[in-house]
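Working notes for the structure below.
The values are calculated or read from the model by the stated rules, or taken from the named source; none is laboratory data. If you're wondering where the values come from, they're calculated on a predicted model, not measured in any experiment. No Cβ is skipped: glycine too gets one built from the backbone with ideal geometry, and neighbour counts run over all protein chains shown.
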Amino acid sequence: MNNNPFVRPMKKNGFWHRAFDLYYEGFRNMTLGKTLWAIILIKLFIIFVVLKIFFFPNYISERATDGKESEFVADQMIKRAE
């Protein structure tokens, strides 16, 4: 046993430990859930990476000169507000 007064024993009944334990044990014992999580992660990858590359080009970098991006955005906002 450690007699150092500055070292406290770790509480195993704390809220954060119990919450972590709940999720850790739940994910560890999954069978079908692992497959579903894999499908969810693949879909998120497709949505945020693949679609961004092919369908949402970087409009500002294509039309503004280097170093003048903020002026381009300001001009576009003023034109659209009028």
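A compact table of results
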| read-out | value |
| --- | --- |
| Count - residues of the range 34-82 that are in a helix (DSSP H, G or I), of a type in the set (Phe, Trp, Tyr) and farther than 30 Å from TYR23 by Cβ | 4 |
| Leading residue by the ranking (farthest from GLN76 (Cα to Cα)) among those in the range 26-63 that are among the hydroxyl-bearing types (Ser, Thr, Tyr) and out of contact with any helix residue (DSSP H, G or I) (no Cβ under 8 Å at 6 or more places or on another chain) | THR31 |
| Cβ pairs under 8 Å, 6+ apart, first in the range 56-67 and loosely packed, with under 10 Cβ neighbours inside 10 Å, second of a type in the set (A, V, I, L, M, F, W, C) and modelled with pLDDT of 85 or more | THR65/PHE72 |
